[in-house]
Amino acid sequence: MKLFKLLPLSLAVAGTLASAGALADNHDTVVMEARLAEVIAKAEERLADIEARAAGEAVNVQGSAIENTQPELPLGVVFSGYARYGAGYQGSDSLYVGTAGGIGGGNKTGRLGNEQNGGEFQFSRSFQSDAGAVWDLVFMVDHWADASWADDGGVNVKKMYAGATNVFESQPDLYIWAGRDFHQRPQTDIDDYFWMSHDGQGAGFYNLNLGGIKLDMGAVGQADGDMVGDNGRYAVTSKIHGMNFGGLDLAFYANYGFSSEKVDQDYDKAYAEWIKDGADPTKEPGKLADSAYQLAAEANFSGQKFIVRYADNAVDSVFDLAEDQSALLFSFSGGVGLTDNAGIQYLTSYQTLEGDAVDDRAQYNIIVRPTYQWNDVHSTWLEGGYNVVDYDDIDATNQSWKVTLSQNIAIGGMTWSRPMLRFYATVGNSENELKDITTKDDDTFTVGAMFEAWW
């Protein structure tokens, strides 16, 4: 394992030393030293990525060219994506396990053996100008529609944007983009939770170098369903990153949401229809808040991740513009190797939702996933999860638990190796005690098979 960790750094340094002769011919030792420092820094970033993968974190293979930097531009069209498809046999009340009244998104009882089918399929093409600027065009469709919330299972255009880097000599890593894109969606893995999400269409930049610290900013409008325009809800997003302190990597987020006149016009139309249908004219449907904001900090260290996030008039997205509510999140997750073959991944989080427009409540969960790698192909995982939603002013507590045993066949011997075939069995239970609702007690017993891949 130690040799595996040192390999990227060794290759980077060797590649730099191999070019030392050409630099020495120019008697430019200053340039050589700067180049060596640059390559070592990039190798350390790659090593951190490898350690994150070893801890079981999903890796973004669908980002922009600046997020997936290659030594040379790929030739032709690059096909990448993420997908999981399979079948599960429902042997009890429910196929999946979840908790009613949960705060935000994600799969808080654990995602293993508890996921729906779907995929994201991306095509990109890179170009380089005579002046050295690197351009890319990216197109993606997804397929996630489920019968519980959609009328059909069609695909949707999720990305169509253009971007460029190495445009300014003083900012070679600055990446500028415009179009429709996945935007600011940091994630925790084993609960599949995008604790911020601002997918939309607009423009922005990544990696503006401010004396060694990087700044990302964007201004996006939320897509109007499957339409080509936006729905009048907007977000200005920002992230400060690149702060490394002896193995501790810090990032800070600040986002602001607001709406345009289009939202007010749509509300007036909806209100007129509401009255026309015979509703009480002294009451009216809830209006959106004038604004919303989020503040967050993320710390990564030794394969572990700690997150704190506060949202006002929002939870996961400032697009929510949900009046009179606030949400606070603490999350700690990661993975450790116990032996050369055994490891454990885990996540625990605590989140609150409060305000005049909501039922005040707290949600807390814990997910533990021991893994054992038999060889470079076969592995066994066991995931246990427990999730609780506890209401403050209502005599009710909703909860769920599940246990999944999964036998896996993968392309490699690491936790993150994909493609992977899974053959699994899940048992669990969810219980809903909401006031004025008959207590609902659902058992889950599911046997299934699926594949998962990112490429």
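Overview of results
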| read-out | value |
| --- | --- |
| Charge tally in the Cβ shell below 12 Å around R369, where Lys, Arg are +1 and Asp, Glu are -1, R369 excluded | -1 |
| Extended-chain gain in nm, criterion 0.36 nm per residue less alpha-carbon gap, A87 and S291 | 69.2 nm |
| Positive-pole candidate from Q363, L321, T404, dipole of the range 318-426, charges at beta carbon | T404 |
| Exposure proxy order (Cβ contacts within 10 Å, fewest to most) of R125, R233 | R125, R233 |
| Net charge, A299 excluded, C-beta distance under 10 Å - Lys, Arg +1, Asp, Glu -1 | -1 |
| Label-point gap, in nm, between Y350 and S417 - each point 7 angstrom along Cα→Cβ | 3.9 |
| Listed residue pairs exceeding 25 Å between alpha carbons, taken from K108/K305; K159/K402; K158/K287; K108/K287; K158/K305; K159/K239 | K159/K402; K158/K287; K108/K287; K158/K305 |
| Positive-pole candidate from I213, V388, G337, dipole of the range 80-454, charges at beta carbon | G337 |
| Distance in nm between pseudo-label sites at A342 and Q265 (7 Å out along the Cβ direction from Cα) | 6.4 |
| Relative exposure of D192, D173, D136, judged by other C-beta atoms within 10 Å (fewest first) | D173, D192, D136 |
| Gain upon complete extension [D393, V157; 0.36 nm per residue less C-alpha separation] | 80.7 nm |
| Charge tally in the Cβ shell below 12 Å around E431, where Lys, Arg are +1 and Asp, Glu are -1, E431 excluded | -4 |
| Ranked H198, H143, criterion: other C-beta atoms within 10 Å, fewest first | H143, H198 |
| Potential extension, Q304-N209 segment - 0.36 nm per residue separation minus Cα distance | 31.6 nm |
| Over the range 319-378: Kirkwood hydrodynamic radius from C-alpha pairwise inverse distances, Å | 14.4 |
| Efficiency of FRET from Cβ geometry, D130 and E323, R₀ 56 Å, rounded to 0.05 | 0.60 |
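Quick note: the coordinates plus some simple rules give every number you see, no bench work behind them. Remember, predicted model here, so these are calculated numbers, not experimental data. Note that each Cβ is placed from the backbone with ideal geometry, even for glycine, and that neighbours are counted across all protein chains shown.
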